[in-house]
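Read the structure below first, then the notes.
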Amino acid sequence: MRKSKYSEEQIIGFIKQVEAGMSLKELCRKHGFSDASFYKWRSKYGGMSVPEARRLEDLESENAKLKRLLAEAHLDIHALKTVLGGK
């Protein structure tokens, strides 16, 4: 997945600017992103502070690593069952 060119701190700052009363169209034009990106960010980071967003990113990367390990373990089990035969 493509990494955003904006950090979590910047994204949370954009959300707070719109909540403070800045026009969404003006903010998007000024910083060079689309309305759809803003709404996607707001659904993910809305109501969060910067440390919470960092923690979310850490948890997502840890979750991805654990899923990868589990998939490899299942592949090993499947390979052993096919080689050894049986039910």
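Just so you know, in segment 1-24 the residues that are assigned to a loop (DSSP other than H, G, I, E, B) and loosely packed, with under 11 Cβ neighbours inside 10 Å include one that is modelled with the lowest pLDDT, and it is Met1. If you go through segment 32-51 and keep only what is closer than 17 Å to Lys3 by Cβ, in contact with a helix residue (DSSP H, G or I) (Cβ under 7 Å, 6 or more places away or on another chain) and not hydroxyl-bearing (Ser, Thr, Tyr), you end up with just Trp41.
Across segment 52-87, the number of residues qualifying as touching a helix residue (DSSP H, G or I) at 6+ places or on another chain (Cβ under 9 Å) and closer than 30 Å to Ser7 by Cα comes to 5.
Selection of segment 25-66 for residues being of a type in the set (A, V, I, L, M), under 14 Å from Ile15 (Cβ atoms) and either part of a loop (DSSP other than H, G, I, E, B) or at pLDDT 90 or above (or both) yields Leu27, Met48.
The values are calculated or read from the model by the stated rules, or taken from the named source; none is laboratory data. A quick note: this is a predicted structure, and the numbers were derived from the prediction, not measured. Cβ atoms come from the backbone with ideal geometry, glycine included; neighbour counts cover every protein chain shown.
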